[in-house]
């Protein structure tokens with residue numbers, strides 16, 4: 001009997017977590033299920049579900065104070081910030097400044113033991129800083145994301161509002177379960193909607 005997924009596949013599909021881009025980066029190939037007629041690549045739902053579980057359990061090896069979460073896109077900021085709040089980790093919005101993990105003389109110097117990245121394309125500086133300090137990196141990666149210096153990939157649509165909300169919701173819930181803070185899904189007080197950005201991105205003219 002197949003293992004139960006974190007949520008029904010229908011919920012994954014409704015949130016669009018499997019919808020990639022028209023680009024296929026080298027590191028994404030193993031996670032791609034097929035290409036649609038319009039050229040968009042689709043990610044494998046089973047692998048998405050599995051990697052969310054693996055990532056949550058890996059992050060649960062660390063205490064919240066030792067985890068830094070980063071996000072720079074508007075939809076990712078809301079979801080990642082809520083995740084950090086839910087597990088009591090540190091959240092950095094926007095660009096991670098050079099030297100933040102390597103220069104103890106900085107006022108904002110930090111010594112995280114692991115980092116969770118929302119998008120390797122937009123948070124490249126964060127990954128560079130983490131690599132210099134030998135900090136393991138977990139990253140949400142779409143089909144077009146580069147994976148250099150990424151230790152654990154969570155394949156997903158990391159640009160969509162509903163997709164990001166669902167992925168971060170599940171990561172938070174599974175992290176707290178792995179930590180023993182909650183014992184069941186029902187004990188998790190937050191909803192997916194709590195992780196969703198409340199503003200729409202303006203379409204380019």
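Read-outs: derived from the displayed coordinates by stated rules, not from any lab. None of these values were measured; they are calculated from a predicted model. Here Cβ is always computed from backbone atoms with ideal geometry, including for glycine, and neighbour counts include all displayed protein chains.
Residue count for the range 1-23, restricted to those that are surrounded by 15 or more Cβ atoms within 10 Å (Cβ to Cβ) and closer than 14 Å to residue 44 by Cβ: 6. Please work out if residue 66 is over 15 Å from residue 154 (Cα atoms) and free of Cβ contacts under 8 Å to residues at least 12 places away in the same chain. In short, no. Run residue 70 past the list (1) within 20 Å of residue 147 (Cβ to Cβ); (2) in a helix (DSSP H, G or I) and report the number of the one that doesn't hold. Here residue 70 meets the rest and fails (2). Keeping to the range 2-28, report how many residues are closer than 14 Å to residue 52 by Cβ and touching a strand residue (DSSP E or B) at 6+ places or on another chain (Cβ under 8 Å). Result for the range 2-28: 2. Here residue 31 meets the list (1) closer than 23 Å to residue 125 by Cα; (2) in contact with a strand residue (DSSP E or B) (Cβ under 7 Å, 6 or more places away or on another chain); (3) buried (at least 21 other Cβ atoms within 10 Å of the Cβ) almost entirely, failing just condition (1).
Answer yes or no: is there a residue in the range 84-95 that is free of Cβ contacts under 8 Å to residues at least 40 places away in the same chain and in a helix (DSSP H, G or I). Yes, the range 84-95 has at least one match.
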